[in-house]
1. Test of understanding: among Leu267, Leu234, which residue is on the phi < 0 side of the Ramachandran plot and either among the hydrophobic types (A, V, I, L, M, F, W, C) or not in a loop (DSSP other than H, G, I, E, B) (or both)?
2. Could you please let me know if Thr246 is closer than 24 Å to Val295 by Cβ, out of contact with any Asp or Glu (no Cβ under 6 Å at 6 or more places or on another chain) and at pLDDT 75 or above?
3. Being out of contact with any strand residue (DSSP E or B) (no Cβ under 8 Å at 6 or more places or on another chain) and closer than 28 Å to Asp284 by Cα is the filter here, so list the residues in the stretch 90-145 that pass it.
4. Being modelled with pLDDT under 85 and assigned to a loop (DSSP other than H, G, I, E, B) is true for just one of Pro54, Pro46. Which residue is that?
5. Which pairs do you get when a residue that is closer than 24 Å to Glu192 by Cβ and touching a residue at least 24 places away in the same chain (Cβ under 8 Å), found in the stretch 253-275, comes within reach of a residue that is of a type in the set (Val, Ile, Thr) and not in a strand (DSSP E or B), reach meaning Cβ atoms under 7 angstrom, with the pair 6+ apart or on two chains?
6. Could you pull out the residue among Glu164, Glu179, Glu211, Glu171 that is surrounded by 12 or more Cβ atoms within 10 Å (Cβ to Cβ) and modelled with pLDDT under 90?
7. Just checking, does the stretch 294-316 include any residue being at pLDDT below 90, more than 30 Å from Glu141 (Cα to Cα) and aromatic (Phe, Trp, Tyr)?
8. Tell me whether the stretch 131-153 contains one or more residues that are modelled with pLDDT of 90 or more and assigned to a loop (DSSP other than H, G, I, E, B).
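The values are calculated or read from the model by the stated rules, or taken from the named source; none is laboratory data. For clarity, every value in this text was computed on a predicted model and none was experimentally measured. All Cβ positions, even for glycine, are placed from backbone atoms using ideal geometry, and neighbour counts span all protein chains on display.
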Amino acid sequence: MRSRVLACVLFLFATLGAFAQEGSAPFPDSQSQNGAGQASEPTPDPIPQPDLTPDKDGRLSPEQMRDLTRVVAQNFRDNYKKQRNYTYIERDLEKQMGGEGQVKSTEIKTYEIVDIYGEQVRRLIEKDDKPLDAKEAAKEEERIQKIIDKRKNESEDDRRKRLEKEAKQREEGRKFVSEVADSHDFKLIGTELIGGREAWVIDGDPRPGYEPQDKGSKFVSKFRGRLWIDKEELQLSKMDIEAVDTVSVGWFLARIHKGTRVTYEQLRVNDEIWLPGHLTYKFDARVALLKGFNVDGEQTYRDYKKFRTSSKIVGVGEVKEQN
């Protein structure tokens, strides 16, 4: 059940914030890698800074939003290269809610975010704020080891299929981002301090009567959102997205109800990188028109640590060798 809910939350998370990932897979690792599993990538050409001068009503044109998209997307990719040099802790709190707003159950899981051959992986370390018992810890280590073995022993055919899939995701992402720019009216509200840094504040409201060109993007006009773009580095520092109408996902797969909401914030760490700061979501949906989910959740992040290591999971422990 939890995996379905998280999948739908991530789907919602992508709606108006997708421009930050335009042109890249969720965890891009398709570049050549060195012996430590880290990607070796050429330095990208600088992208001209976008013109965010609004019209007399404070509105930004679709062309301005596309220009902003390209810059933020490039900055996102550049940031990701640095992000793979960091580990951190993620604590997930999820509450199953009843029809009268009462809490039916609460689940807490804590993960260590680690890098495995260029892919970020969540490694479960606690449940309900208590360390895993020996049996659970061994099971988790076995899962992590399978991930390592799969990537380490990946065949050329499997690698080709993976890269083709990532290329398809990138193309779909470009179409989706274009729809977001065209389907919403964006307005520059002003500036605010986020984490002590000045950020542009941009509101996006569905454009009345808009008909999406891409069938897969029909849900776009069902959401409204506010975006905070760091003025100095043009990174997505915060976003707040809300469903303003019921959203159908696939044929009878799921219906996301009005009022579903996601808020996400990033932090500037060590004056060099943006890392997850805080995520909250209020999720109301029905899967397969049968099972209903009413969930309130929160993810908090801490203990950011930079490292320069190659890592390998052996047995029930992680061995790190300094480069």
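1. Values: Leu234 fails: on the phi < 0 side of the Ramachandran plot.
Matching residue, one of Leu267, Leu234: Leu267.
2. Details: closer than 24 Å to Val295 by Cβ: yes; out of contact with any Asp or Glu (no Cβ under 6 Å at 6 or more places or on another chain): yes; at pLDDT 75 or above: yes.
Considered against the rule, which asks whether it is closer than 24 Å to Val295 by Cβ, out of contact with any Asp or Glu (no Cβ under 6 Å at 6 or more places or on another chain) and at pLDDT 75 or above, Thr246 comes out as yes.
3. Those that are out of contact with any strand residue (DSSP E or B) (no Cβ under 8 Å at 6 or more places or on another chain) and closer than 28 Å to Asp284 by Cα: Glu100, Gly101, Gln102.
4. Values: Pro54 fails: modelled with pLDDT under 85.
The unique qualifying residue is Pro46.
5. Qualifying pairs under 7 Å: Val262/Val9.
6. Step by step, each of Glu164, Glu179, Glu211, Glu171 is checked, and only Glu179 is surrounded by 12 or more Cβ atoms within 10 Å (Cβ to Cβ) and modelled with pLDDT under 90.
7. no
8. So the first thing to find is which residues in the stretch 131-153 are modelled with pLDDT of 90 or more, and the list is 131-149.
Pick out the ones that are also assigned to a loop (DSSP other than H, G, I, E, B) and you get 132-133.
Yes, the stretch 131-153 contains a residue that is modelled with pLDDT of 90 or more and assigned to a loop (DSSP other than H, G, I, E, B).
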